[in-house]
1. Evaluate the distance, in nm, between pseudo-label points positioned 7 Å from the Cα of A:ILE55 and of B:ASP54 along their respective Cα→Cβ axes.
2. Suppose every K and R has +1 on its Cβ and every D and E has -1 on its Cβ; what is the size of the dipole of the range A:1-98 about the Cα centre, in Debye to the nearest 20?
3. In Å, the Kirkwood hydrodynamic radius of the range A:86-198 over pairs of distinct alpha carbons?
4. For the residue pair B:ASN97 and B:LEU65, what label-to-label distance in nm results when each label sits 7 Å from Cα along the Cα-to-beta-carbon direction?
5. First check a/c for the range B:27-73, with a ≥ b ≥ c the square roots of the eigenvalues of its C-alpha gyration tensor; if it is under 1.5, answer rounded, and if not, answer prolate when a/b is larger than b/c or oblate otherwise.
6. Report the extension gain between A:VAL197 and A:GLU8 in nm, rounded to one decimal, defined as 0.36 nm multiplied by the number of residues separating them, less their alpha carbon distance.
7. Spelling out what I want: for every residue of the range B:183-198, take phi, set θ = phi - 60°, compute 6.51 cos²θ - 1.76 cosθ + 1.60 (Karplus), and round to whole Hz; glycine and proline get x.
8. Could you tell me how far the Cα centroid of the range B:175-189 sits from the Cα centroid of the range B:11-59, in Å?
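Each value in this text was obtained by applying a stated rule to the coordinates, not by laboratory testing. Because the structure is a prediction, the values reported are computed rather than measured. Here Cβ is always computed from backbone atoms with ideal geometry, including for glycine, and neighbour counts include all displayed protein chains.
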Number of protein chains: 2
Amino acid sequence: MADSSTEEKIREAAHVVFTRKGFAATRTRDIAEEAGLNLALLNYYFRSKENLFDIIMKENMQRFLKGISGVLNDESMTLKAKLTVIAENYINMLEKNPDLPLFILTEIKANPEKLAVDMNFKEIILRSNFYAQLREALGNKLNPFHIIMNILSITIFPFAASPILKIVGELQQNDFNALMEERKKMIPLWIEAMLKVE
Amino acid sequence: MADSSTEEKIREAAHVVFTRKGFAATRTRDIAEEAGLNLALLNYYFRSKENLFDIIMKENMQRFLKGISGVLNDESMTLKAKLTVIAENYINMLEKNPDLPLFILTEIKANPEKLAVDMNFKEIILRSNFYAQLREALGNKLNPFHIIMNILSITIFPFAASPILKIVGELQQNDFNALMEERKKMIPLWIEAMLKVE
DNA sequence: GTCTATAATTCGATAGAC
DNA sequence: GTCTATCGAATTATAGAC
């Protein structure tokens, strides 16, 4: 990090600032300052703010999928085992990238067509072994998509809402992290309990 | 709505645009266009973009609390009854204001001090009869704040993530609405199931 | 490659006619 | 009160020296 190339410094700074503040609220000056470099270098290496943003967007989209995609189609794992691994991996990733959820939600809403590019969320989730296992566990009591939404909700939402939750719950960063650690164990149990609801 | 005053037209347009795009991505010209009026009138009636935004922010914060605060301290209702009313009211509100969650999450993150103004989320939730009932139902198995987070998560997150969920689940607006209707009934059942987890 | 200085554009705000 | 025209500040992008 200390002596990475100039191009790399800019990319890292752009990652930090864009992910924290989103496209619209970010000024290229913020990125230059974060990188400890001159404003002109951003355009020299990346041509435009949009172009630099698109690179960061792709990185963030991939990070958002990583940690799930590998697990979903492992046919040797039970549903419960998959839930455990997914919750663990995802919360680990979110602890390192706490700004990611709000970034993804905001930028996809502003620019939905960027979701379709490259990666097929549809294929990855809806045609996975995991989804089939969910469907089987539910019988035809319920649309399995509800459970997908619930897993994503209870895993991701606390990070997206952390500024509010910290104030409401009077939590320091330490307290918040401790709660998220507890959730790694609890989320699979909660989801299993939901699956049994009639 | 058709022949409301100019000031009211601006306020309505500002509500729509600010809530959909957030402060940073909104241009005052967008609001003027949405209102079908001239740009100069915004400053004539509201002095500045910031000032107009603060008004919309307050409206949206209050709307975000309405539908909960009344129920939380009704001592005649059981926990289950409260959960039912909260899920029902909140999803009704979110169906009418689908942009509200992302707006609140984004603007509080950008400006956390605006949460403290006026309303005390802390008091309203943590010292409510509802919270006491949660604590009792859980014994000391679990920090009740987890359940608060879970209620908020499974209720609010699907609206914040709706652009993504629609693409991933191949849902039209009709399909999405139908799922949210189902959730009104399911959320209390899911939360009750979570409370029993050891 | 890197920097300073500046051009070009966008955007919030205002002056002034009606 | 409402509009057109425009100013001035902020911001992206670039020219040109080193």
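1. About 4.0 nm, to one decimal.
2. On the way: 14 positive and 14 negative charges, 58 e Å.
With only Lys, Arg, Asp and Glu charged at Cβ, the dipole is about 280 debye.
3. So the Kirkwood estimate lands at 15.8 Å.
4. Inter-label distance under the simple model: 1.2 nm.
5. Working: a/c = 4.36, a/b = 2.89, b/c = 1.51.
Taking the square roots of the gyration eigenvalues as a ≥ b ≥ c, the range B:27-73 is prolate.
6. Numbers: separation 189, 0.36 × 189 = 68.04 nm, distance 5.02 nm.
Answer, rounded to one decimal: 63.0 nm.
7. 3J(HN,Hα) across the range B:183-198, in whole Hz: 5, 3, 7, 6, 3, x, 5, 4, 5, 4, 5, 5, 4, 8, 5, 8.
8. 33 Å
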